[in-house]
Amino acid sequence: MDETDAYQTYAVQQAQAYGIDPNVFLQQLGQESSWDPNAQNGNASGIAQFMPSTAAQYGVDTSDPYSSITGAAQYDSDLLNANGGNYQQMLTSYGTLSNDPTANNGPGSSIWNAFQNTISGAGNSTTGTGTTSAGSTGATSAGSSSSTSSGISGIISKYGSSLLAIILGMLMIAAGIWGAVK
């Protein structure tokens, strides 16, 4: 398993722990940094592209991708709750999407359109007042993604979250053993 796979596996776990749709969260972090833990964009840094003040607020060490992923899930959960469960507003508040139609991540852009498809799969309205079951229940149904999904979301859709929990447990045990050997 390469580092990106490990980050994505951990991101799914954190998304579920904080009530964020894993598909949206994976796409968001991929858009923010292309899964590069050393990504830098102005003052934003790390795998989740935190600004220094937000990183401090959430206790995030932006040089640690796992700290950044956990902080991003916590921040997304807070933003999702503050925006009435609306993923589009959450992503706009985070800065992943823009309301500016001339921005490369604004309405009509390929980035915007890709997120609209993912957001609609999360059972969320993209028009401002939609809600989802995430937030209060801990996790949304990963089965809402299409059966043609690939990667982690495809595994979840096909085999269910219980298999994912077993795999995540095994990976965490392996990571602990590997960390002890290092």
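So the values come out like this:
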quantity	calculated
Qualifying positions in segment 76-98 - part of a helix (DSSP H, G or I) and of a type in the set (Gly, Ala, Ser)	Ser77, Ala82, Ser93
Selection within segment 33-69 - part of a loop (DSSP other than H, G, I, E, B) and within 17 Å of Pro22 (Cβ to Cβ)	Trp35, Ile47, Ala48
Filtered residues of segment 37-54 (kept if farther than 18 Å from Ala6 by Cβ and surrounded by 23 or more Cβ atoms within 10 Å (Cβ to Cβ))	Gln49, Phe50
Count - residues of segment 1-36 that are buried (at least 22 other Cβ atoms within 10 Å of the Cβ), among the acidic types (Asp, Glu) and closer than 19 Å to Phe50 by Cβ	1
Some residue of segment 69-80 being over 22 Å from Thr9 (Cβ atoms), of a type outside the set (A, V, I, L, M) and surrounded by fewer than 19 Cβ atoms within 10 Å (Cβ to Cβ)	yes
Selected residue (only one of Ala72, Ala103 is among the hydrophobic types (A, V, I, L, M, F, W, C) and not in a helix (DSSP H, G or I))	Ala103
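Each row is one residue, and each column tells you yes or no for (1) under 23 Å from Asn105 (Cα atoms); (2) among the small types (Gly, Ala, Ser).
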position: Gly19; (1), (2): no, yes
position: Pro65; (1), (2): no, no
position: Gly84; (1), (2): yes, yes
position: Gly95; (1), (2): yes, yes
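Rule-based calculations on the coordinates, nothing more; no lab input. This structure is a prediction, so every number in the text was calculated from the model and none was measured. Here Cβ is always computed from backbone atoms with ideal geometry, including for glycine, and neighbour counts include all displayed protein chains.
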